[in-house]
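Here the structure comes first, spelled out in structure tokens, and everything after it is commentary.
The values are calculated or read from the model by the stated rules, or taken from the named source; none is laboratory data. Just so you know, these numbers come straight off a predicted model, no measurement behind them. As a convention, Cβ positions derive from the backbone with ideal geometry for all residues, glycine included, and neighbour counts pool all protein chains shown.
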Amino acid sequence: MNLHGVWAIYRFEMARSLRTLWQSLVGPVLTTSLYFIVFGGAIGSRMQSVDGVGYGSFIVPGLIMLSLLTQSVGNASIGIYFPKFTGTIFELLSAPVSAMEMVLGYVGAAATKSVVLGVIILATSAFFVPIRVLHPGAMIAFLLLTAIAFSLFGFILGIWAKSFEQLNFVPMLLITPLTFLGGSFYSIDMLPQPWRTVSLFNPVVYLVSGFRWSFFGKGDVDIAVSLGVTLGFLVVCLGIIAWIFKSGWRLKN
């Protein structure tokens with residue numbers, strides 16, 4: 001494996017984030033604080049607890065997952081889209097770096113930035129509400145798996161997109177709505193039928209539920225199902241990326 005090539009891509013992507021530190025870290029943290037002020041203050045004053053958990057604490061896993069999904073997709077998609085946009089993708093494809101090494105560099109950097117942001121949001125949340133993590137191992141596993149899976153998805157999106165409009169289309173009109181409707185700020189058990197059943201077709205429900213289980217030992221769906229859906233999504237993304245590099249779809253034309 002060409003570790004120097006992987007490290008070069010990884011270091012370049014991480015350096016790009018440092019140049020936009022306000023947008024990469026400070027902005028999401030301020031947004032999270034506003035969520036606590038609005039949701040925790042306005043709704044929390046009327047909804048004291050959900051499943052025995054204070055509402056302010058209950059929304060912490062959902063807030064982290066909301067930022068994790070959007071940042072993972074955004075970081076990975078823009079990372080591979082810019083070489084396509086500027087034409088330097090051909091230099092990258094002709095370099096002594098394999099497809100797996102290229103993916104490791106871009107996805108690794110995107111996932112790292114998302115996990116760091118998730119940890120910062122978790123630390124920020126502790127200033128607003130009491131935080132407890134019953135299963136820290138499961139929390140770390142879901143944090144890493146989700147960041148990697150959606151960074152892979154963002155990598156696919158960056159290759160698929162032909163313009164900045166397309167690049168922003170999926171996160172704005174798909175990822176964010178699915179996250180809001182995926183139980184980030186409520187339990188789907190609170191929904192009447194048939195909406196609760198409809199919510200089970202939203203894959204984000206399983207991510208949020210599994211992550212929330214790691215905090216409070218309670219989730220909307222079984223933890224094994226949540227883990228299975230997360231791993232299944234990761235495997236599907238890996239398969240699509242393998243096909244893209246094998247066929248050269250939107251890489252060489």
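Every residue in the range 191-222 that is among the aliphatic types (A, V, I, L, M), surrounded by fewer than 20 Cβ atoms within 10 Å (Cβ to Cβ) and either modelled with pLDDT under 85 or touching a Phe, Trp or Tyr at 6+ places or on another chain (Cβ under 9 Å) (or both), please.
To start, the set of residues in the range 191-222 that are among the aliphatic types (A, V, I, L, M) comprises 191, 198, 200, 204-205, 207-208, 221.
Still in the running and surrounded by fewer than 20 Cβ atoms within 10 Å (Cβ to Cβ): 191, 198, 200, 221.
Once the filter is applied, which keeps residues that are among the aliphatic types (A, V, I, L, M), surrounded by fewer than 20 Cβ atoms within 10 Å (Cβ to Cβ) and either modelled with pLDDT under 85 or touching a Phe, Trp or Tyr at 6+ places or on another chain (Cβ under 9 Å) (or both), the range 191-222 yields Leu191, Leu200, Val221.
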- Message: When you check Phe127 against the structure, is it surrounded by 15 or more Cβ atoms within 10 Å (Cβ to Cβ) and under 18 Å from Ile64 (Cα atoms), yes or no?
- Response: no
- Query: Gly158: crowded, with 23+ Cβ neighbours inside 10 Å, at pLDDT below 95, under 16 Å from the mean Cα position of the chain (by Cα) and closer than 23 Å to Tyr35 by Cα, yes or no?
  - Reply: no
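Do we have Ser57 as part of a helix (DSSP H, G or I), over 24 Å from Pro177 (Cβ atoms) and among the hydroxyl-bearing types (Ser, Thr, Tyr) here?
Working: part of a helix (DSSP H, G or I): yes; over 24 Å from Pro177 (Cβ atoms): yes; among the hydroxyl-bearing types (Ser, Thr, Tyr): yes.
For Ser57, the condition - part of a helix (DSSP H, G or I), over 24 Å from Pro177 (Cβ atoms) and among the hydroxyl-bearing types (Ser, Thr, Tyr) - is met.
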- Within the range 130-139, restricting to residues that are closer than 16 Å to Ser209 by Cα and hydrophobic (A, V, I, L, M, F, W, C), the one that is surrounded by the fewest Cβ atoms within 10 Å (Cβ to Cβ) is Leu134
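With the requirement that a residue be of a type in the set (Phe, Trp, Tyr) and either more than 20 Å from the chain's Cα centre (by Cα) or not in a helix (DSSP H, G or I) (or both), what does the range 83-117 give you? Even if it seems obvious, please write down each step before you answer.
Within the range 83-117, the subset of a type in the set (Phe, Trp, Tyr) is 85, 90, 106.
Listed by number, the residues that qualify are Phe85, Phe90.
Quick one: which residue in Leu181, Leu134, Leu144 is under 29 Å from Ile244 (Cα atoms) and among the aliphatic types (A, V, I, L, M)? So that I can check it myself, show each step before the final result.
Details: Leu181 fails: under 29 Å from Ile244 (Cα atoms); Leu134 fails: under 29 Å from Ile244 (Cα atoms).
Just one listed residue meets the conditions, Leu144.
Quick grid of which residues meet (1) over 28 Å from Gly108 (Cβ atoms); (2) touching a Leu at 6+ places or on another chain (Cβ under 9 Å):
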{"site": "Pro136", "(1), (2)": "no, no"}
{"site": "Phe150", "(1), (2)": "no, yes"}
{"site": "Ser163", "(1), (2)": "no, no"}
{"site": "Asn168", "(1), (2)": "no, no"}
{"site": "Ser187", "(1), (2)": "yes, no"}
{"site": "Val208", "(1), (2)": "no, yes"}
{"site": "Trp213", "(1), (2)": "no, yes"}
{"site": "Ala224", "(1), (2)": "no, no"}
{"site": "Val229", "(1), (2)": "no, yes"}
- Item | Exclusive hit being at pLDDT below 90, closer than 30 Å to Gly5 by Cβ, of a type in the set (A, V, I, L, M, F, W, C) and part of a helix (DSSP H, G or I), set Ile140, Ile120 | Ile120
- Task: Count, please, the residues in the range 53-97 that happen to be modelled with pLDDT under 85 and of a type in the set (S, T, N, Q).
- Result: 3
- Message: Take residues that are more than 18 Å from the chain's Cα centre (by Cα), in contact (Cβ under 8 Å) with a residue 24 or more places away in the chain and closer than 30 Å to Pro83 by Cα and tell me which of the helices (runs of 4 or more DSSP H) falling wholly in the range 172-253 contain 1 or more.
- Response: 223-247
